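Structure first, commentary second.
Quick note: the coordinates plus some simple rules give every number you see, no bench work behind them. Predicted model only: the values in this text are computed from it and were never measured. Neighbour counts are summed over all protein chains in view; Cβ atoms, including those assigned to glycine, are modelled from backbone coordinates with ideal geometry.
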There are 2 protein chains.
Amino acid sequence: MSRPVASADIFQAIADPTRRAILDQLRSGEQPVKQLAEPFEMSLPAISQHLQILCNAGLVSQQKSGRQRLYRLNPVPLQQVSEWVARYEPFWQQKLDALGDYLEENP
Amino acid sequence: MSRPVASADIFQAIADPTRRAILDQLRSGEQPVKQLAEPFEMSLPAISQHLQILCNAGLVSQQKSGRQRLYRLNPVPLQQVSEWVARYEPFWQQKLDALGDYLEENP
DNA sequence: CAATTAGTTAAGCATTCGCTTAAATTATTT
DNA sequence: AAATAATTTAAGCGAATGCTTAACTAATTG
């Protein structure tokens, strides 16, 4: 069998820079594959596979429109990431406060 | 070579669930490797390799203390993730608002 | 000093990943 | 109906990933 089998894991899905760039691009509205592929020096199938992974992770949805397929951003699963990382915010505040104090005491 | 070569990329570093769990564990303070490894059904070298990847990503630092090596959380690079994902918050707000409206209109 | 403890390095292996090219599918245009 | 356009499916490939076991290094203890 050949792959883009469901990663389905959000963290895995956003680990790849191309996929993050695709998501970034989709913030300006739904777009067909060809347009999404434009900024990348990569074959169309490669992009298609990335889109499938994003789809499996629930980060995009697609809708047929004539002979193109419009992909649309679904940001909801990113909340999972947001929530995870938010648990660390107190810690980096602390770190930065410590740095601030240090700089104050050692001008 | 079979190294845990420097990913150095934060998103890659947090893509693995074991590594995220290690980070989670480190929020309760610096810990030696053996203690960090305890919750996992995995060999010590495996954990050591994960720690090295976290180290390369700047997410942890280590400090020798006798014959143990204490690992400590450094959350600062996670801000990168936080900033990236924050750009999507307006979008999921929008999504949830739409859902809310829908539910109000279709009780 | 020999034995033990804590951890890392090294080497190897199976699986997954990101990509490619070629072929297939589906819809539109001529 | 034939040609073209948009995209996916398929197959394959090299590199990276996550793990293992075995061997090594360094600090502590008996």
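Some observations on this one:
- Per the rotation superposing chains A and B, the chain A residue found at the smallest beta carbon distance from the axis is A:A15, 2, distance in Å.
- Counts of other chain beta carbons within 10 angstrom of each beta carbon in peptide B:71-84 average 5.
- B:V76/B:R20 FRET efficiency (R0 25 Å; Cβ-Cβ; nearest 0.05): 0.90
- Cα-based Rg / Dmax (Å) for segment A:1-78: 11.6, 35
- Comment: the Cα-to-Cβ extended label point of B:L44, at 7 Å, lies 5.5 nm from its counterparts in the other copies, nearest first.
- Interchain or long-range residues, amide H under 5 Å from A:G58's placed H: none
- Dipole moment magnitude, nearest 20 debye, segment A:1-76 about Cα centre, only Lys, Arg, Asp, Glu C-beta charged: 280 debye
- Förster-model FRET efficiency, 41 Å R0, B:R27 and A:Q63, C-beta, rounded to 0.05: 0.50
- Extension reserve of the A:E38-A:R87 stretch, reckoned as 0.36 nm per residue once the Cα distance is removed: 14.0 nm
- For the segment A:12-22, counting C-beta atoms of other chains within 10 Å of every residue's C-beta and taking the mean gives 3.
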